[in-house]
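Structure record follows, encoded as structure tokens.
Nothing in this text is a laboratory measurement; each read-out follows from the coordinates by a stated rule. Being a predicted model, the structure only gives us computed values, none of them experimental. Backbone-built Cβ (ideal geometry, glycine too); neighbour counts: all protein chains shown.
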Amino acid sequence: MTTRIDCCSAPASAGPVNAWIVGDEEEVIVIDPGSDTAGLLEAVGDREVLAVICTHGHAAHVAAALEVAERDEAPVALHPKDRSLWREAHPGEDADIEMEDGGVFEVADVRLEVIYAPGHTPGSVCLYCEDLGAVFTGHVMLADGPAPEDGEYPDFAEQLNAIGEYLLTLPADTRVLPGHGQETTIAMAEKQFDSWVAAGPVRGG
Ligand SMILES: [Zn+2]
Ligand SMILES: [Zn+2]
């Protein structure tokens, strides 16, 4: 299998955003483009962008979505429940694909499955790639727990529930590739989960 995953981190006010590029020598899918269009397209190189997938609508993650997609006329995918958040970054524009739970994207020789995981935002999703043993978690879960937004949790209970129900049920050795910071694994997250529950929505971020 020649399909690989590259991370392209770009500075943002809340810390570098991890943009993920999944693909082979011919074609890629971009997950959470962030705000650095030039840096991202440089990392993509002359490979064709098949789609730009947004794990959620927060501006730091979707800022470059339209510009990155434009080069190869690729569609942008977003869960419809994050449309109003998306419009704060892109007034008057809409994404092309409305993602739903169980939806599938194909790139090179792998599949990315949409896992609807609301809580951080109403339309948060994760992308699970069984073929590569990886899940892209956006802001649903970082290596050190559920991700806050500006230090607060819009719906901590629902976010924790999504982690427990939809992420910790994946194979233990699955790589967790989050929207910020270091990667982790489902096994590592499982060990920490009780402490996240006990800490409650008080951690700053
Ligand atoms: Zn966010
Ligand atoms: Zn973020």
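Contact order, relative form, for the chain: 15 percent (alpha carbon pairs under 8 Å, 6 or more residues apart, mean separation divided by residue count). Per residue, the chain reaches -6000 deg cm²/dmol at 222 nm when only DSSP H runs of four or more residues are counted, each adding -39500 (n - 2.57). Set the Cα radius of gyration of segment 74-143 against 2.2 N^0.38 Å, with N its number of residues, and you get 1.14. Working from label points 7 Å from Cα in the Cα-to-Cβ sense, the GLU130 to GLU113 distance is 0.5 nm.
Restricting attention to the chain, close to 65% of DSSP beta bridges with both partner residues there are antiparallel. With the simple spin-label model, which puts each label point 7 Å out from Cα in the Cβ direction, the GLU67 to ALA198 separation comes to 4.6 nm. Under 11 Å from the 7 Å Cα→Cβ point of ALA187, by amide nitrogen: which residues of segment 143-173? Of the residues in segment 143-173, 172-173 have backbone N under 11 Å from the label point off ALA187. When +1 charges are put on Lys and Arg Cβ atoms and -1 charges on Asp and Glu Cβ atoms, the dipole computed for segment 1-56 relative to its Cα centre reaches about 260 debye. Can you figure out the FRET efficiency of ARG83 with ASP150, using R₀ = 22 Å and their beta-carbon distance, to the nearest 0.05? With R0 = 22 Å, the Cβ-Cβ based efficiency is 0.60.
With both residues required to sit in segment 1-88, DSSP beta bridges show an antiparallel share near 60%. Out of every Cα pair in segment 1-133, what percent are spaced more than 19 Å from each other? Percent of Cα pairs beyond 19 Å in segment 1-133: 44. In whole Å, how far is the Cα centre of segment 125-187 from that of segment 1-37? Using only Cα atoms to place each centre, the spacing works out to 17 Å.
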